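Shown below is the structure under consideration.
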Amino acid sequence: MIYRKGSSIVETSGPPIQEFVNGVRVYDLNKASSLDVINNFLYDDKTTHAFNAAVTYQRRDFGMGNKDQNGNVLDHRAVKNWFSVGFRYVHYVNKHFNLALEAGNDYMKSDGLGLEGSLQKITFSPQLTWDYGYYTRPVFRPFVTYAHWPDSFRGITGQSDFNTRLINKNQGISFGLQMEMWW
């Protein structure tokens with residue numbers, strides 16, 4: 001469990017949040033807070049298979065009220081709740097090759113943005129690894145992911161400045177190569 005207040009609030013593992021983004025106030029750091037509750041379970045026999053399950057809850061209080069398009073205060077709290085549950089199964093074919101299947105559901109409700117809904121995803125990945133073990137690194141993995149999200153998330157999910165192909169969709173497929181190393 002992690003509780004943060006004010007400028008110690010971070011987005012994922014990045015830098016502390018900012019009160020203003022592009023000239024628009026998104027947080028009142030004198031009142032803002034965040035609560036993260038994370039639970040992780042791993043079973044790994046290191047010869048046949050591994051199973052990982054994770055549950056995460058985050059409550060983000062922006063420290064200020066919600067406003068309408070004219071700037072009128074609607075209430076005194078802008079809050080985002082996020083709940084995620086997922087699992088990954090790994091079948092060891094041999095010491096250097098395994099097959100991973102991951103599925104998850106993310107639910108988000110943001111009073112400030114007026115959004116609510118779930119994103120579901122499933123990913124398949126054959127993995128090349130150094131040794132047996134769920135946390136063995138380095139690992140090289142080609143992957144393919146299918147995801148689905150509600151119509152209310154169209155235009156804000158699965159797209160970025162350099163990738164706009166999903167901007168008018170509520171589902172998509174992603175694929176690529178990933179290499180993960182720890183030291």
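The values are calculated or read from the model by the stated rules, or taken from the named source; none is laboratory data. Keep in mind it's a predicted model, so treat the numbers as computed, not measured. Note that each Cβ is placed from the backbone with ideal geometry, even for glycine, and that neighbours are counted across all protein chains shown. Surface areas here come from the heavy atoms of the whole protein model, side chains and all, with no ligands, DNA or RNA. Shrake-Rupley method; radii C 1.70, N 1.55, O 1.52, S 1.80 Å.
Just need a number here: residues in segment 107-121 that are open to solvent by 80 Å² or more (accessible area, probe 1.4 Å) and at pLDDT 95 or above.
Here the count works out to 0.
Going residue by residue through segment 27-44, is there one that turns out to be more than 21 Å from the chain's Cα centre (by Cα), hydroxyl-bearing (S, T, Y), in a strand (DSSP E or B) and farther than 18 Å from D111 by Cβ?
yes
Tally up the residues in segment 147-181 that are surrounded by fewer than 16 Cβ atoms within 10 Å (Cβ to Cβ) and within 20 Å of N52 (Cβ to Cβ), please.
4
Residues checked against (1) touching a Ser or Thr at 6+ places or on another chain (Cβ under 7 Å); (2) open to solvent by less than 30 Å² (accessible area, probe 1.4 Å); (3) more than 30 Å from T129 (Cα to Cα):
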{"residue": "N22", "(1), (2), (3)": "no, no, yes"}
{"residue": "A32", "(1), (2), (3)": "no, yes, yes"}
{"residue": "L42", "(1), (2), (3)": "no, no, no"}
{"residue": "D45", "(1), (2), (3)": "no, no, no"}
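Given the conditions (1) hydrophobic (A, V, I, L, M, F, W, C); (2) open to solvent by less than 50 Å² (accessible area, probe 1.4 Å); (3) in contact with a His (Cβ under 7 Å, 6 or more places away or on another chain), report the number of the one that L99 does not fulfil.
All conditions are met except number (2).
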